[in-house]
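S.K.: Dumping the structure here so I can ask a few things about it.
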Amino acid sequence: MEIASKYSPGNAEDRWYKYWMEKGFFKSTPDEREPYTIVIPPPNVTGVLHMGHMLNNTIQDILIRRARMLGKNACWVPGTDHASIATEAKVVGKLRDEGIKKSDISRDEFLGHAWEWTEKHGGIILEQLKKLGASCDWDRTAFTMNESLSESVIRVFVDLYNKGYIYRGVRMVNWDPQAKTAVSDEEVIYKEEQSKLYYLRYQVEGSDDYVTIATTRPETILGDTAVCVNPADERFTDLVGKKVIVPLVNRPVPVIQDSYVDMEFGTGCLKITPAHDENDYEIGQRHKLDTIDIFTEDGILNEAAEILVGTDRFEARKLIIPMLEEAGSLEKTEDYLNKLGYSERTDVVIEPRLSAQWFIAMKELARPALDHVMNDDIKFHPPKFKNVYKHWMENVKDWCISRQLWWGHRIPVYYLENGEYVVAETDGKALELAREKSGNSQLSMDQLKQEEDVLDTWASSWLWPISVFNGINDPDNQDINYYYPTSDLVTAPDIIFFWVARMIIAGYEYRGDKPFGNVYFTGMVRDKLRRKMSKSLGNSPDPLDLIAQYGADGVRVGMLLCSPAGNDILFDEALTEQGRNFCNKLWNTFRLIKGWEVDPEAEQSEAAREAIRWFDNKLNQSLELIDDHFSKFRISDALMTVYTLVRDEFSAWFLEAVKPPYQQGIDQKTYKSTSCYLEKLLKALHPFMPFISEEIYQLLKEREEGESIMISAMPEIETYKQSILENFEETKEVITAIRKIRQEKALPQKDMLHLRITAKEGAFNREFLPLVHKLANIEEISFVEQADESDISFMVKTTEYSIPLGDLIDSEAEKAKLEEELKYHQGFLNSVMKKLDNASFVNNAPENVVAAEMKKKADAEEKIKTLKDRINILR
């Protein structure tokens with residue numbers, strides 16, 4: 001069999017993904033095995049793959065593939081989110097390009113365009129995930145607007161309404177003037193910006209006196225209905241009960257008192273605009289103030305503003321400043337660092353607005369979800385996010401769930417002509433309830449009007465772990481009973497409130513159980529300069545371009561090499577190159593082994609036998625460590641463990657130890673062990689590098705039809721001896737020291753050397769000396785009481801080794817090197833003695849810590865003695 005000189009990732013990736021799909025290896029149905037379930041955080045249906053998706057889905061795929069190889073029934077459910085605001089914006093933009101205004105077509109016509117857009121673009125990101133190697137059960141692909149998921153959303157709304165959790169009210173909401181909809185608090189991103197603080201004069205009615213107020217939004221004075229001071233502020237006692245005149249519109253408004261006012265901010269006087277500030281609204285409610293809404297839904301000044309009507313809010317700010325100056329009402333302007341709220345979806349400045357909306361009362365619903373995270377029934381990785389979660393849950397606000405859009409789940413509220421309403425899952429049930437409520441048995445559907453608003457997108461995705469298994473509509477079906485609760489959730493911390501917390505709330509409300517056992521929070525992918533990746537900065541590479549250049553396995557490894565849980569990922573393309581280089585290293589290792597010719601007559605060498613004994617222990621130690629890393633969600637550490645095991649221990653040490661002499665065959669026993677170890681390493685690597693591990697696995701030996709590494713068993717962890725591993729580490733140091741001497745003395749590797757060990761032969765552990773013979777090219781090893789003064793020597797632990805080099809050695813240079821080494825060990829001993837001479841340390845430190853320091857002291861003293869003796873010989 002001819003093996004290609006270079007690994008071709010593109011060819012292997014397409015071939016093996018097609019094979020896995022054809023064989024149905026990703027599919028899962030309930031059976032007697034332990035389930036392992038992950039539901040994908042559904043990306044926006046309009047989205048395309050970005051670096052955050054790459055990281056998140058790589059980690060999910062690693063967990064799923066590993067669980068599958070551990071014998072669990074692994075089920076990874078893919079799907080997409082209908083993304084109300086984002087998708088509607090895309091469709092509105094498309095229609096605009098075609099010369100069609102949303103306002104000129106019916107709701108049904110618009111939804112037709114939205115579905116057409118979704119069907120055209122909706123599968124793109126899922127197809128891109130396949131390029132990454134995602135082993136999802138594609139037959140289970142879900143979409144939040146699918147019939148069963150939509151039915152689940154409506155059913156839950158009706159249920160929560162009937163339980164008294166959902167209500168309608170006029171509240172100050174976060175209004176997105178571009179999307180023309182309310183958004184929740186969690187969908188507002190605050191940015192620190194340099195703005196202005198304007199000091200404005202309000203004349204006291206019937207007087208030449210005035211008060212000065214400070215505001216960052218001078219255009220909103222047109223909606224002012226009061227000026228407020230703190231009751232404890234004696235500066236303004238005489239003003240209370242009087243009226244002041246709002247500049248430009250000459251509206252008299254009362255001066256009132258409220259403890260909310262910060263006496264230290266600005267002048268201590270606060271203008272009150274109840275329609276356009278949440279805190280002002282609360283003050284207005286307490287003092288029964290008028291409310292003047294001066295903005296349209298798209299942020300344009302309306303007739304109530306009296307001046308600048310038809311002007312955009314930010315343009316109005318520019319225009320009103322010279323008007324205030326001309327009127328003598330602008331006292332001064334200062335620079336001011338301000339935090340402004342932006343819509344997460346459209347990136348426009350949020351406008352506080354009074355609006356009739358639908359809300360879910362969250363406090364009581366949230367209680368079980370807080371308790372079960374704090375008691376670790378649901379574990380967060382890393383656990384630092386528990387405090388973030390706790391703070392939000394303890395201060396949870398009612399959730400505004402209505403959106404002024406057409407694309408989404410239409411709220412199942414039906415209004416009668418008299419303004420009353422009923423809530424029902426279907427038109428038929430709504431009509432039945434409406435007839436009952438009105439007492440009119442002849443009422444028809446034409447006399448009912450369904451709510452125009454749709455539900456917040458998160459009001460569907462909070463049910464995701466339940467609804468993908470149809471657990472709302474059919475709460476006792478086989479899938480939900482088998483797969484729920486799911487096992488692990490992999491997500492970003494920026495949606496801990498949007499999604500994670502709400503899924504936990506829904507899980508306890510509708511299943512009486514957690515939705516998942518673990519939440520693994522990835523970090524945000526940033527560039528090397530710690531900047532957030534974005535198209536505008538040009539620092540966000542196209543993931544598919546990276547895959548084309550470095551291979552999917554290379555990119556997966558590269559992403560994980562810089563991905564500690566919960567911390568930001570500083571992406572460096574050099575790491576994906578490192579991932580690709582590791583693929584090449586693995587391929588060359590495989591080619592080397594396959595290139596060896598087996599000699600059935602050859603006997604196994606002593607060096608090969610000892611190398612096998614060592615690597616067997618090293619492999620099992622590493623498998624145990626990998627298992628431990630996975631149990632603690634240290635995914636990157638797990639990768640590094642197997643990465644270094646392959647690169648350093650297997651390729652650099654083991655293969656060197658067992659490879660046959662030049663132009664000779666390898667014995668059957670050693671070859672079999674080597675191939676077996678490579679297969680186990682491939683299995684350990686498979687979750688991280690699925691494609692190349694499958695390619696080599698299939699080429700390593702003849703396989704049966706339908707065999708695949710992805711459905712093979714992960715290697716079992718067997719017992720190992722720590723002493724063997726420690727002894728081999730010492731052996732490595734000896735071999736490395738001899739190689740260094742060769743390099744320093746320019747001694748050819750082919751020249752055999754003699755090695756002398758200053759130790760009693762019976763007391764020295766000889767188990768790995770055959771490897772010293774082979775790997776350091778040592779002809780003879782002898783035990784001596786003292787090294788010859790002409791030898792060049794080195795220390796490993798407390799044992800002295802020496803190599804006779806005759807006239808090749810420079811005695812003065814050797815003595816200088818030994819004196820430098822002596823100086824180092826004397827300094828080390830001094831640092832140890834400082835600790836041991838400290839009575840507080842000796843009396844209070846744990847016994848094992850003190851014992852370790854005592855051992856360091858003894859070892860250092862032994863080394864110092866040996867070095868001094870050696871220096872004396874050279875004098």
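S.K.: Considering only residues that are of a type in the set (Lys, Arg) and under 24 Å from Pro475 (Cα atoms), look in region 508-546 and name the one that is nearest to the chain's Cα centre (by Cα). Don't jump to the end; show me each part of the working.
M.R.: Step one: list which residues in region 508-546 are of a type in the set (Lys, Arg), which gives 511, 514, 526, 528, 530-532, 535.
Now narrow it down to the ones that are under 24 Å from Pro475 (Cα atoms): 511, 514.
On the way: Arg511: 27, Lys514: 21 Å.
Result: Lys514.
S.K.: Provide a single number: the residues in region 259-292 that are within 42 Å of the chain's Cα centre (by Cα) and either touching a residue at least 24 places away in the same chain (Cβ under 8 Å) or open to solvent by 40 Å² or more (accessible area, probe 1.4 Å) (or both).
M.R.: Filtering region 259-292 for residues within 42 Å of the chain's Cα centre (by Cα) gives 260-262, 264-266, 273-283.
From what is left, the residues that are either touching a residue at least 24 places away in the same chain (Cβ under 8 Å) or open to solvent by 40 Å² or more (accessible area, probe 1.4 Å) (or both) are 260-262, 264-266, 273-279, 281-283.
Residues flagged as within 42 Å of the chain's Cα centre (by Cα) and either touching a residue at least 24 places away in the same chain (Cβ under 8 Å) or open to solvent by 40 Å² or more (accessible area, probe 1.4 Å) (or both) within region 259-292 amount to 16.
S.K.: OK, next. Which ones in region 102-122 are open to solvent by 40 Å² or more (accessible area, probe 1.4 Å) and assigned to a loop (DSSP other than H, G, I, E, B)?
M.R.: Ser106, the sole residue that qualifies.
S.K.: If you go through region 241-255 one residue at a time, do you hit one that is hydrophobic (A, V, I, L, M, F, W, C) and over 22 Å from Tyr281 (Cβ atoms)? Give the steps one after another, and end with the answer.
M.R.: Our first condition is that a residue be hydrophobic (A, V, I, L, M, F, W, C); within region 241-255, this holds for 244-246, 248-249, 253, 255.
The next check asks that each one be over 22 Å from Tyr281 (Cβ atoms); those that pass are 245, 248.
Checked region 241-255: at least one residue is hydrophobic (A, V, I, L, M, F, W, C) and over 22 Å from Tyr281 (Cβ atoms).
S.K.: While we're here: Please return the ranges of helices (runs of 4 or more DSSP H) entirely within region 799-875 where 3 or more residues are among the polar types (S, T, N, Q), open to solvent by 40 Å² or more (accessible area, probe 1.4 Å) and at pLDDT 90 or above.
M.R.: Qualifying helices (runs of 4 or more DSSP H): 811-836.
S.K.: Out of the residues in region 323-347 that are surrounded by fewer than 17 Cβ atoms within 10 Å (Cβ to Cβ) and among the small types (Gly, Ala, Ser), state the one that is farthest from Ala214 (Cα to Cα).
M.R.: Filtering region 323-347 for residues that are surrounded by fewer than 17 Cβ atoms within 10 Å (Cβ to Cβ) and among the small types (Gly, Ala, Ser), the one farthest from Ala214 (Cα to Cα) comes out as Ala327.
S.K.: Criterion first (over 19 Å from Ile781 (Cα atoms), hydrophobic (A, V, I, L, M, F, W, C), open to solvent by 60 Å² or more (accessible area, probe 1.4 Å) and without any contact (Cβ under 8 Å) to a residue 40 or more places away in the chain) does Ala746 satisfy it? Talk me through it step by step, then tell me what you get.
M.R.: Details: over 19 Å from Ile781 (Cα atoms): yes; hydrophobic (A, V, I, L, M, F, W, C): yes; open to solvent by 60 Å² or more (accessible area, probe 1.4 Å): yes; without any contact (Cβ under 8 Å) to a residue 40 or more places away in the chain: yes.
Against the criterion (over 19 Å from Ile781 (Cα atoms), hydrophobic (A, V, I, L, M, F, W, C), open to solvent by 60 Å² or more (accessible area, probe 1.4 Å) and without any contact (Cβ under 8 Å) to a residue 40 or more places away in the chain), Ala746 qualifies.
S.K.: Return yes when Pro770 is open to solvent by less than 60 Å² (accessible area, probe 1.4 Å), part of a loop (DSSP other than H, G, I, E, B) and not aliphatic (A, V, I, L, M) and no when it is not. Full working, then the answer.
M.R.: On the way: open to solvent by less than 60 Å² (accessible area, probe 1.4 Å): yes; part of a loop (DSSP other than H, G, I, E, B): no; not aliphatic (A, V, I, L, M): yes.
Here the answer is no, as Pro770 does not meet what is asked.
S.K.: Among what's in region 708-734 and is in a loop (DSSP other than H, G, I, E, B) and among the β-branched types (Val, Ile, Thr), pick the residue that is most open to solvent (accessible area, probe 1.4 Å). So that I can check it myself, show each step before the final result.
M.R.: Of the residues in region 708-734, the ones in a loop (DSSP other than H, G, I, E, B) are 708, 712-721.
Filter once more, keeping what is among the β-branched types (Val, Ile, Thr): 717, 719.
Working: Ile717: 73, Thr719: 131 Å².
Only one residue tops the list, namely Thr719.
S.K.: Output yes when any residue across region 18-26 is open to solvent by 30 Å² or more (accessible area, probe 1.4 Å), aliphatic (A, V, I, L, M) and either touching a Cys at 6+ places or on another chain (Cβ under 8 Å) or outside any loop (DSSP other than H, G, I, E, B) (or both), and no when none is.
M.R.: There is at least one residue in region 18-26 that is open to solvent by 30 Å² or more (accessible area, probe 1.4 Å), aliphatic (A, V, I, L, M) and either touching a Cys at 6+ places or on another chain (Cβ under 8 Å) or outside any loop (DSSP other than H, G, I, E, B) (or both).
S.K.: Only one residue in Pro9, Pro30 is within 28 Å of Asn477 (Cα to Cα), open to solvent by 10 Å² or more (accessible area, probe 1.4 Å) and of a type outside the set (Phe, Trp, Tyr), so which one is that? Outline the logic, then answer.
M.R.: Details: Pro9 fails: within 28 Å of Asn477 (Cα to Cα).
From the options Pro9, Pro30, the qualifying one is Pro30.
S.K.: Also, I was wondering about something else. Taking into account only those residues within region 60-87 that are part of a helix (DSSP H, G or I) and hydroxyl-bearing (Ser, Thr, Tyr), which is surrounded by the most Cβ atoms within 10 Å (Cβ to Cβ)?
M.R.: From region 60-87, those part of a helix (DSSP H, G or I) are 60-69, 84-87; that's our starting set.
Right, trim to hydroxyl-bearing (Ser, Thr, Tyr) and you get 84, 87.
On the way: Ser84: 28, Thr87: 25.
Among those residues, the one meeting the criterion is Ser84.
S.K.: While we're here: Cβ-Cβ under 8 Å, sequence separation 6+ or interchain: first residue in region 647-663 and within 26 Å of Gln578 (Cβ to Cβ), partner in a loop (DSSP other than H, G, I, E, B) and hydrophobic (A, V, I, L, M, F, W, C). Which pairs?
M.R.: Partner pairs satisfying both residue conditions: Lys659/Trp596.
S.K.: Sticking with this structure for a sec: Among residues belonging to region 406-428 that are exposed (fewer than 14 other Cβ atoms within 10 Å of the Cβ) and in contact with a helix residue (DSSP H, G or I) (Cβ under 7 Å, 6 or more places away or on another chain), point out the one that is nearest to Leu365 (Cα to Cα).
M.R.: Ranking the candidates gives Glu420 first.
S.K.: Shifting gears a bit: Identify the single condition in (1) closer than 22 Å to Thr181 by Cα; (2) among the β-branched types (Val, Ile, Thr); (3) surrounded by 19 or more Cβ atoms within 10 Å (Cβ to Cβ) that Ile320 does not satisfy, given that it satisfies every other one.
M.R.: It fails just one condition, (1).
S.K.: Considering only residues of region 479-494 that are outside any loop (DSSP other than H, G, I, E, B) and within 23 Å of Asp159 (Cα to Cα), which is least open to solvent (accessible area, probe 1.4 Å)? Show your work before the answer.
M.R.: Looking only at region 479-494, we keep the residues that are outside any loop (DSSP other than H, G, I, E, B), and these are 479-483, 486-491, 493-494.
Going one step further and asking which of them are within 23 Å of Asp159 (Cα to Cα), we end up with 479-481.
Numbers: Asp479: 38, Ile480: 0, Asn481: 79 Å².
Looking at the filtered set, the residue picked out is Ile480.
S.K.: So which residues in region 613-633 are in contact with a strand residue (DSSP E or B) (Cβ under 9 Å, 6 or more places away or on another chain) and open to solvent by 20 Å² or more (accessible area, probe 1.4 Å), if there are any at all? Before you say what the answer is, go through the steps one by one.
M.R.: We begin by selecting, within region 613-633, every residue in contact with a strand residue (DSSP E or B) (Cβ under 9 Å, 6 or more places away or on another chain); these are 632-633.
Lys632 - this is the single residue of region 613-633 that is in contact with a strand residue (DSSP E or B) (Cβ under 9 Å, 6 or more places away or on another chain) and open to solvent by 20 Å² or more (accessible area, probe 1.4 Å).
S.K.: Could you please find all residues in region 165-180 being touching a strand residue (DSSP E or B) at 6+ places or on another chain (Cβ under 6 Å) and either farther than 23 Å from Gly419 by Cβ or without any contact (Cβ under 8 Å) to a residue 60 or more places away in the chain (or both)?
M.R.: Scanning region 165-180 gives Asn174, Trp175, Asp176, Pro177.
S.K.: Which residues, taken from region 157-213, are out of contact with any Leu (no Cβ under 8 Å at 6 or more places or on another chain), farther than 21 Å from Trp392 by Cβ and among the polar types (S, T, N, Q)?
M.R.: If the condition is that a residue be out of contact with any Leu (no Cβ under 8 Å at 6 or more places or on another chain), farther than 21 Å from Trp392 by Cβ and among the polar types (S, T, N, Q), then Asn162, Gln178, Gln203, Ser207 are the ones that fit.
S.K.: For region 644-672, give me each residue that is buried (at least 21 other Cβ atoms within 10 Å of the Cβ) and either among the hydroxyl-bearing types (Ser, Thr, Tyr) or touching a Cys at 6+ places or on another chain (Cβ under 6 Å) (or both).
M.R.: Passing the criteria: Thr670, Tyr671.
S.K.: Could you say which residue among Val349, Val423 is among the aliphatic types (A, V, I, L, M) and farther than 24 Å from Tyr281 by Cα? It would help to see each step written out before you state the result.
M.R.: Numbers: Val349 fails: farther than 24 Å from Tyr281 by Cα.
The unique qualifying residue is Val423.
S.K.: Among what's in region 234-253 and is at pLDDT 95 or above and hydrophobic (A, V, I, L, M, F, W, C), pick the residue that is surrounded by the fewest Cβ atoms within 10 Å (Cβ to Cβ).
M.R.: Only one residue tops the list, namely Val249.
S.K.: Here's something else I'd like to know. Which residues, taken from region 296-319, are closer than 20 Å to Val253 by Cα and among the hydrophobic types (A, V, I, L, M, F, W, C)?
M.R.: First, pick out the residues of region 296-319 that are closer than 20 Å to Val253 by Cα: 303-307.
Within region 296-319, Ala304, Ala305, Ile307 meet the criteria.
So that you can scan it fast, the table gives a plain yes or no per residue for (1) open to solvent by less than 10 Å² (accessible area, probe 1.4 Å); (2) farther than 28 Å from Ala83 by Cα:
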| position | (1), (2) |
| --- | --- |
| Trp399 | yes, no |
| Gln404 | no, no |
| Ala430 | yes, no |
| Asn440 | no, yes |
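To keep it simple, each residue is scored yes or no on (1) crowded, with 21+ Cβ neighbours inside 10 Å; (2) assigned to a loop (DSSP other than H, G, I, E, B).
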site: Glu436; (1), (2): no, no
site: Pro465; (1), (2): yes, no
site: Ile472; (1), (2): yes, yes
site: Asp476; (1), (2): no, yes
site: Ile496; (1), (2): no, no
site: Ile504; (1), (2): yes, no
site: Asp513; (1), (2): no, yes
site: Tyr520; (1), (2): yes, no
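S.K.: If you don't mind, another one. For region 293-317, how many residues are on the phi > 0 side of the Ramachandran plot, in contact (Cβ under 8 Å) with a residue 40 or more places away in the chain and either open to solvent by 40 Å² or more (accessible area, probe 1.4 Å) or in contact with a Cys (Cβ under 7 Å, 6 or more places away or on another chain) (or both)? Steps first, answer last, please.
M.R.: Taking region 293-317 as the starting set, the residues that turn out to be on the phi > 0 side of the Ramachandran plot are 299, 306, 308, 310.
Still in the running and in contact (Cβ under 8 Å) with a residue 40 or more places away in the chain: 299, 306, 308.
Now drop any that are not either open to solvent by 40 Å² or more (accessible area, probe 1.4 Å) or in contact with a Cys (Cβ under 7 Å, 6 or more places away or on another chain) (or both), which leaves 306.
Counting residues in region 293-317 that are on the phi > 0 side of the Ramachandran plot, in contact (Cβ under 8 Å) with a residue 40 or more places away in the chain and either open to solvent by 40 Å² or more (accessible area, probe 1.4 Å) or in contact with a Cys (Cβ under 7 Å, 6 or more places away or on another chain) (or both) gives 1.
For (1) modelled with pLDDT of 95 or more; (2) open to solvent by less than 60 Å² (accessible area, probe 1.4 Å); (3) over 30 Å from Leu365 (Cβ atoms), each residue gets a yes or a no:
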| site | (1), (2), (3) |
| --- | --- |
| Leu126 | no, yes, yes |
| Ser135 | yes, yes, yes |
| Trp138 | yes, yes, yes |
| Thr144 | yes, yes, no |
| Ile154 | yes, yes, no |
| Leu160 | yes, yes, no |
| Met172 | no, yes, no |
| Asp209 | no, no, yes |
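The values are calculated or read from the model by the stated rules, or taken from the named source; none is laboratory data. Quantities reported herein were computed from a predicted structural model and do not represent experimental measurements. Here Cβ is always computed from backbone atoms with ideal geometry, including for glycine, and neighbour counts include all displayed protein chains. The protein model used for the area step is the full one, side chains on, heavy atoms only, and it has no ligands, DNA or RNA in it. Shrake-Rupley method; radii C 1.70, N 1.55, O 1.52, S 1.80 Å.
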